[in-house]
Every structure is written in structure tokens, then in C-alpha cells.
Amino acid sequence: ILGEHLRICPQGYTCCTSEMEENFANKSRSEFEAMMKEAGRSVQAILTAQHRSFDSYFQDLLNKSEKALYDAFPSLYGELYTQNAKVFKDLYSELRRYYRSSNINLEEALNEFWTRLLERLFKLLNPQYHITDEYLDCMVKHAEQHKPFGEVPRELKLKATRAFIAARSYAQGFLVGSDVVRKVSQVSLSQECTRAIMKLMYCPHCRGMASVRPCNNYCLNVVKGCLANQADLSTEWKYLMDSLMGVADRIDGPYNVDTVIGTIHMRIAEAISNLQENKDSITSKVFQGCGNPKISTKGSSSEDKKRRGKVTLEAKSSAQALEMLVLDAKGNLTALKTYWITLPSSLCSKKVMASSASDDRCWNGMTKGSYLPEVMGDGLANQINNPEVEVDITKPDMTIRQQIMQLKIMTNRLGNANIGNDVDFQDTSDDMSGSGSGDSCPDDVCGKRLSKSPSTRQPETHAIPKQSGHGVHGASSRSLPSASLLLLLLLLWVAASAPQHLWR
């Protein structure tokens, strides 16, 4: 029949009624969106699997270290351990909370552990004295000078913080990447894209050419026009993949998590041994600085005297497993780097089943023949002259721009982790009440000695670091409203990404 009623397909002789054309349009739209989601799910599956593998490995390291401590310390230290078991348990709980992205200052958590342990052990090692909290305050002030645990606290803090920062950021990077793909894959097609996809996929049916495949370059122009915003993710996506590979090298190199995390219990045992061996010297120095405490009426205990001598604990290495994890991750990350740029080609060849580029008997949008227009470049700015899809390059998709910003933030975090810096970003849903500068701290709270309970410490928050190019910058010490800052950055990004001549 004559096709004067058609609104999308060429108006020559046709096999389609208006209702059929509308049904085909809806069908093509749902099928193309399903293709996008399917392609995204495969990327999500890779990133999620990498996260799961590393997370399982890291948690296992921490669990084994904690179990080794619980198994060995009771027989090694007796009351020194049994009366202070909660101190060790709290440490591992804090380490897990930090790794799971809780707002915890890791250095403070480690410092507090050593402080609590020193206070408890000093009292147990000197049971003949009545030692008050005020006296312990004095002792703690001089602890850095006396080094009761030797160099272990300083060395462990340096190595453990770097390893945990790298591990946490590394695990988060996979989840952020997966989440970005999920959200971008759910972005709906515009009305112009729906028409273009229909013309590409089902207008041949309406012309009685159901077996004729679309021309490859024709398909590329349609898909590049429809996914122009998605292609703009490519630059930041590559930076994220590169940053993850950089941190992977650190995890299996200078910040080796196998060596550091798997031996935490050994470092603690070494520290306790240092305190036991130097008990008399340290006690003498504390007495000199803080005065002699009163003699206790409870008498002394010989429990600690039974358990002296050098402690030797072993840690089973899983370095080979870590090396394999990192190699596998780097292979997948390398393969995913060009995902957004190669997506149109992938969809055209694998899903739309376009013909070869040289085929002159393919569907070119009007009839069976060759396709002459040149293929457009990637990204929104390159679609200004797209012959197949009308794209307004002055109106970027804000959902996708927001995901570009998420990639920037995660890449910056990984960049900081790569050099051992910890940068946290307050989520917009978080309560802002705990992020002040400290000026409002009441005298009756600030004047007292710090609580021993890790759960009562105010979490440390940081503002989003300055984004300048792609280098790493230190975080500001002030906490800014995340929603407002994100909106400002998004507006600046939109202004910067649009062609200059359109804004004159």
C-alpha cells in the first residue's frame, strides 16, 4: 500500500499500517534499551566479581590474623590477655569498620588501641601500686618519649594505614564503576533516538526487506548519536580503570596487604614482648616523670612472671593468591578501558547484526544500497552534524554528567590512596551535625580526658578535594555541603564541555 500515513519510515510503497509502525517503534525502543542493559550487566558482572574476589581475600586475611591472636595469646600472656581481650577485639572491629567505609580515622583508632593497651598492661605489670586514671593520663603523655612498645606502633601505623587505605579504595573503586554502569544503562532513549532506532531496525520490514541487514556505518551513526552522552564517560572511565590498576600494583607491592594485614597479631605480640622485657626501665622512667604511685593493699601477682621470653608467631603467606588476583583484575580492567567508545561498534556488530562496511546491498535508511555519509566521532560535541539523529549538543544528560562526577571523585580517592593519603567524602544523605570545625565543643566534654571506647569518638569528615585536571590534591580541612558543591561542579562541567561558539 502507499505509505503516506507513515511518520518514521520512508513514504513509498509499504507493508505497514500506522499501528504496525507504532508497534515496531515501541518494539525497537524496548529491544535497544534491553541491549544496553545486557551490555552493561556483563561489565557490572566483571567488576562485581573482581570486588567479591578481593573482598573475600582481604577479609580472610583479617580473620586469620584475629584468630591467630585469639588462639595464641591466652597461653602466651595469661592475665595480660584474658583481662584485656576486649581491647584486641575492639581493634579488629575498628579495622573492619574502616574497611567497610565507616567514617573512622584509622590512625586515631590505632593510637587509641595502643593507649588503651598500655594503660591496661601497665596496671597489670605493676599490681603492687594503686594507679589512678590521672596517673595514667600522665603516663600516656610521656609514652611517645619512653616508647614502651618499641618501634612497633609507629611502624604498624605507617604500614597498616597505607595498606588499609589502598585496600578500601580499591574495593570501593570496583563498586563505584559497577554502579555507574548500572545507572547509565538505565537512561531512557530520547524521542529522536526512538525514531532513529526504529528506522534502523524495522523500517526494512515495512519495505518488504526483512532479510536485509542495516549498513554498518549507518548503524554506527545512529548508535553514536543515541549514545553520545554515554561516550562522554570514556575519559573519566579510563582514568578510573588506570587508577585501579595503579592501586593494584601498590597492594601487591609497596603496601603489600598480605605481609601487613596477615601479620598484625605478630606485631602486637612483638610490642607486648618489648613492654615485658623493658618493664623495669619503663616503670622507672614513668615514676620519674609522674611521681611514685601509692602502694596497693591488694598485693602483687606473679602471673606475668610465668610468661616471659621472646614470642615467635607464624603467619601463613597467601602472596601467590594475591598476585593472581591482581593479574586477573588488571587483565579485566585493561579490557574494559574502551567500553564506552567501543559500545556502538559492539552493539551494531553483535546485536543489530549490521552488514560489513563495504556492503552495497544493505539497508541505508531509505532503501537497499550503499551508505555514503561519513561516520561521526564519539561524544556529544561530535554529533552536531549527525545525519541520522537530531542531537541537541547544548543539553547534556544530567544523570550521565552526575556519573562522570562520581568517576572523578573515585579516581581522586584512588590517586590519594596510591600515595598513602586517606580522603573521605561525606555522602549527601549523611547527617552534617558531626562535621563541624570543633568550635562548638562544650567545655564539660572537651575538658575531660578522651573516652576509651572507640564507638564514642566523633567520625572525621573531609570535604571533596579540589578537582584540577587529573592530578592528586590534598583534601580541604573544612567540610562543605556536598549537594551544593556537586551541583556547582556539574554546572562548571556542562559549561566547559559545550562547544564555545554555541555560548557566544
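The values are calculated or read from the model by the stated rules, or taken from the named source; none is laboratory data. For clarity, every value in this text was computed on a predicted model and none was experimentally measured. Cβ atoms come from the backbone with ideal geometry, glycine included; neighbour counts cover every protein chain shown. The protein model used for the area step is the full one, side chains on, heavy atoms only, and it has no ligands, DNA or RNA in it. Shrake-Rupley method; radii C 1.70, N 1.55, O 1.52, S 1.80 Å.
Total residues in segment 78-105 satisfying the condition of being of a type in the set (S, T, N, Q) and at pLDDT 95 or above: the figure is 1. Only one of the numbered conditions (1) under 26 Å from residue 168 (Cβ atoms); (2) of a type in the set (Phe, Trp, Tyr); (3) open to solvent by 30 Å² or more (accessible area, probe 1.4 Å) is not met by residue 129, and that is (1).
Selection within segment 38-96: residues that are on the phi < 0 side of the Ramachandran plot and not in a helix (DSSP H, G or I). The member of this set that is least open to solvent (accessible area, probe 1.4 Å) is 84.
Conditions tested, residue by residue: (1) within 28 Å of residue 46 (Cα to Cα); (2) open to solvent by 30 Å² or more (accessible area, probe 1.4 Å).
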{"site": "169", "(1), (2)": "yes, no"}
{"site": "174", "(1), (2)": "yes, no"}
{"site": "179", "(1), (2)": "yes, yes"}
{"site": "185", "(1), (2)": "yes, no"}
{"site": "190", "(1), (2)": "no, yes"}
{"site": "193", "(1), (2)": "no, no"}
{"site": "210", "(1), (2)": "no, yes"}
{"site": "219", "(1), (2)": "yes, no"}
{"site": "227", "(1), (2)": "yes, no"}
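Scanning segment 257-301 for residues that are closer than 23 Å to residue 58 by Cβ and open to solvent by 30 Å² or more (accessible area, probe 1.4 Å), which turns out modelled with the lowest pLDDT? Out of the qualifying residues, it is 259. I'd like to check something: does segment 218-239 contain any residue that is farther than 19 Å from residue 354 by Cα and among the aromatic types (Phe, Trp, Tyr)? Taking every residue of segment 218-239 in turn, at least one turns out to be farther than 19 Å from residue 354 by Cα and among the aromatic types (Phe, Trp, Tyr). Can we say residue 52 is modelled with pLDDT under 95, of a type in the set (D, E, K, R), out of contact with any Asp or Glu (no Cβ under 8 Å at 6 or more places or on another chain) and within 30 Å of residue 331 (Cβ to Cβ)? Criteria not met by residue 52. Identify all residues within segment 145-158 that are within 12 Å of residue 106 (Cβ to Cβ) and either among the polar types (S, T, N, Q) or in contact with a helix residue (DSSP H, G or I) (Cβ under 9 Å, 6 or more places away or on another chain) (or both); write none if there are none. Those that are within 12 Å of residue 106 (Cβ to Cβ) and either among the polar types (S, T, N, Q) or in contact with a helix residue (DSSP H, G or I) (Cβ under 9 Å, 6 or more places away or on another chain) (or both): 156, 157.
Within segment 345-374, track down each residue that is touching a residue at least 12 places away in the same chain (Cβ under 8 Å), under 30 Å from residue 37 (Cβ atoms) and not in a loop (DSSP other than H, G, I, E, B). Answer for segment 345-374, where residues must be touching a residue at least 12 places away in the same chain (Cβ under 8 Å), under 30 Å from residue 37 (Cβ atoms) and not in a loop (DSSP other than H, G, I, E, B): 345, 346, 347, 348, 349, 351, 362, 363.
Go through the residues of segment 6-18 one by one and say whether even a single one is in a helix (DSSP H, G or I) and farther than 30 Å from residue 126 by Cα. Yes, some residue in segment 6-18 is in a helix (DSSP H, G or I) and farther than 30 Å from residue 126 by Cα.
How do the helices (runs of 4 or more DSSP H) wholly within segment 114-229 filter down when requiring 3 or more residues that are free of Cβ contacts under 8 Å to residues at least 24 places away in the same chain: which remain?
133-141
Filtering 134, 108, 144 for residues that are modelled with pLDDT under 90 and open to solvent by 60 Å² or more (accessible area, probe 1.4 Å) leaves a single hit, 144.
In segment 230-253, which residue that is open to solvent by 10 Å² or more (accessible area, probe 1.4 Å) and in a loop (DSSP other than H, G, I, E, B) is farthest from residue 193 (Cα to Cα)? Checking each candidate, the answer is 253.
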